[in-house]
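Below: the structure, in structure tokens.
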Amino acid sequence: MIVCVTDHLDSSNDITFCFAPIKKTDDMINMVTQMGVAKLQPVITDRVVAHHVNWKRIEKILIEASEQSNRNSVPELLPPIKFADLDKNGLVLADERAAYGGECYVGDLPDTCTVFVGLEGGFSDNEFDALDKSGAIGISLGKTILRAEVAAVAILAKLI
């Protein structure tokens, strides 16, 4: 629990960060909390291998990272959902296909949005099909494939 409210404006914004649990979920949660996300939505995708995340520990990391980064709020941790249950309409997606020459969205991104970063091994073909059909906005994070925790910070840096 954050004990004292600081004088500055909170860096929190209206971004919901969706993520597939990874081996280094703790590190990723710490980083995106410092970046100022408002909500965290775990999403179980086809290739998730980290099925046993200690959610109580994640809640402690959220508090510690919020205090460390001088936030006035702690992001809300939502219960995990399946990929099929995720509202994909208008979702901003870190799209690794751009590193292989795929086309991605170029233009202004919304201030309030839901962001989705995949995991080691990326999204499955079926997941990419569902994302493409739903109107998800795929953005490039460069010509290289990034680790999920690095991709999380990179996509948030483009939005915040």
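The values are calculated or read from the model by the stated rules, or taken from the named source; none is laboratory data. Because the structure is a prediction, the values reported are computed rather than measured. Cβ sites come from the backbone with ideal geometry, for glycine too, and all protein chains shown count toward neighbours. Ligands, DNA and RNA are excluded from the accessible area calculation, which covers all protein heavy atoms including side chains. Shrake-Rupley method; radii C 1.70, N 1.55, O 1.52, S 1.80 Å.
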- Message: Could you check region 47-64 and list, in sequence order, the residues that are assigned to a helix (DSSP H, G or I) and either open to solvent by 40 Å² or more (accessible area, probe 1.4 Å) or not aliphatic (A, V, I, L, M) (or both)?
- Response: W55, K56, R57, E59, K60, I63, E64
- Message: For a quick check of your reading of the model, give me the residue pairs whose first member lies in region 115-139 and is touching a residue at least 12 places away in the same chain (Cβ under 8 Å) and on the phi > 0 side of the Ramachandran plot, whose second is among the small types (G, A, S) and outside any strand (DSSP E or B), with beta-carbon atoms closer than 7 Å and at least 6 apart or on different chains.
- Response: G135/G90
- Query: Which one is modelled with the lowest pLDDT, of the residues in region 31-90 that are of a type in the set (D, E) and within 18 Å of L119 (Cβ to Cβ)?
  - Reply: D46
- In region 65-92, how many are assigned to a helix (DSSP H, G or I) and surrounded by 14 or more Cβ atoms within 10 Å (Cβ to Cβ)? 4
- Give me a count of the residues in region 22-44 that are touching a residue at least 60 places away in the same chain (Cβ under 8 Å), out of contact with any Cys (no Cβ under 8 Å at 6 or more places or on another chain) and either open to solvent by less than 10 Å² (accessible area, probe 1.4 Å) or assigned to a helix (DSSP H, G or I) (or both). 8
- Residue satisfying all of: in region 1-21; surrounded by fewer than 22 Cβ atoms within 10 Å (Cβ to Cβ) and either modelled with pLDDT of 90 or more or among the charged types (D, E, K, R) (or both); nearest to S73 (Cα to Cα) among these: D10
